[in-house]
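Step one of this worksheet: look at the structure below.
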Amino acid sequence: TGINQIKTGEILNQKAKTFDHKWQGDAEAMTLSTNKSIIIAFEGKNRLWRYQNGPTPFQNVGEDIPMPKNLDGLSENHGIEAIAEYKTNYLIIMGEGNEKKKDPIPGWYQDDDHQWQQISLKFDEDYTVSDLTSLNTDNLLLVERKLGWFGWRIRFSLLSTKQLKPSATLDRNIISVLSLPFPTDNFEAIAAYPKTNNEFIIYLMSDDNRNPLQRTLFLQFSLNFVH
């Protein structure tokens with residue numbers, strides 16, 4: 001695969017110990033901050049922790065990041081699913097959405113004063129939010145998923161950061177859908193690396209959930225667009 005120099009390890013809690021139960025450490029999303037610290041979004045008890053940069057950042061103690069005061073639309077099983085730094089030191093988080101209720105998908109972003117402002121995303125065609133990454137200060141790349149009779153369908157959309165205003169309902173610009181016969185699975189992580197001004201290397205990873213019917217896949221592809 002050409003992948004090397006990988007470091008793995010368990011995330012520590014704020015007592016510098018491993019989590020006793022899955023629900024305590026249900027990490028659903030992460031983003032690399034401009035200062036090289038890693039921010040993790042946890043589901044179940046919805047919260048954000050910052051792990052400072054270092055040779056083994058997850059062996060550090062997680063630091064609390066203040067959360068939005070109102071977390072309407074989130075629950076234990078449908079909590080924070082995506083996080084990105086949409087500009088230097090400013091975060092955006094999105095909930096997963098609920099395919100049964102089909103309510104608007106809740107989200108929050110930090111305004112110029114670092115205050116959380118609520119936004120939403122229209123629930124569409126039974127897709128739920130899987131992850132989010134920043135391409136540049138103008139565009140975010142959103143990945144959504146749904147499971148049907150013929151396996152997983154993975155949808156990619158651009159979200160313009162110019163839409164980020166209090167109580168705004170964001171519009172997606174759908175750019176691609178990944179389905180059979182291409183490799184598909186429960187893709188839950190996405191990251192982007194700028195190669196040129198108009199080309200980005202996209203990394204996509206799935207979670208097998210320790211299920212023999214699922215796979216952990218790592219895909220890499222190129223995204224070209226003019227912004």
inquiry  = Return the residues of the stretch 23-59 that are among the polar types (S, T, N, Q), surrounded by 14 or more Cβ atoms within 10 Å (Cβ to Cβ) and assigned to a loop (DSSP other than H, G, I, E, B); say none if nothing qualifies.
reply    = Ser33, Ser37, Asn46, Gln52
remark   = Within the stretch 112-129, the count of residues that are part of a strand (DSSP E or B), over 12 Å from Ile92 (Cβ atoms) and at pLDDT 95 or above comes to 1
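Considering only strands (runs of 3 or more DSSP E) fully contained in the stretch 184-227, which possess at least 2 residues that are of a type in the set (A, V, I, L, M, F, W, C), modelled with pLDDT under 90 and surrounded by 15 or more Cβ atoms within 10 Å (Cβ to Cβ)?
Filter on the stretch 184-227 gives an empty set.
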remark   = Checking Leu74, Leu91 in turn, the sole residue that is surrounded by 18 or more Cβ atoms within 10 Å (Cβ to Cβ), on the phi < 0 side of the Ramachandran plot and in contact with an Asp or Glu (Cβ under 8 Å, 6 or more places away or on another chain) turns out to be Leu91
query = Which of the residues spanning the stretch 106-150 are β-branched (Val, Ile, Thr), in contact with an Asp or Glu (Cβ under 8 Å, 6 or more places away or on another chain) and either without any contact (Cβ under 8 Å) to a residue 60 or more places away in the chain or closer than 18 Å to Ser167 by Cβ (or both)?
reply = Thr128, Val129
message = Being surrounded by 14 or more Cβ atoms within 10 Å (Cβ to Cβ) and farther than 30 Å from Leu213 by Cα is true for just one of Leu135, Leu178, Leu141. Which residue is that?
response = Leu135
query = How many of the residues in the stretch 142-183 are among the aromatic types (Phe, Trp, Tyr) and either under 15 Å from Leu223 (Cα atoms) or part of a strand (DSSP E or B) (or both)?
reply = 2
message = One residue is enough: does the stretch 43-66 have a residue meeting the conditions within 21 Å of Leu204 (Cα to Cα) and modelled with pLDDT of 80 or more?
response = yes
request  = Working carefully through the options Asp20, Asp103, find the one that is out of contact with any strand residue (DSSP E or B) (no Cβ under 8 Å at 6 or more places or on another chain), touching a residue at least 24 places away in the same chain (Cβ under 8 Å) and either in a loop (DSSP other than H, G, I, E, B) or buried (at least 19 other Cβ atoms within 10 Å of the Cβ) (or both).
outcome  = Asp103
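The values are calculated or read from the model by the stated rules, or taken from the named source; none is laboratory data. These numbers come from a predicted model, not from an experiment. Glycine also receives a Cβ, built like all others from the backbone with ideal geometry; neighbour counts cover every protein chain displayed.
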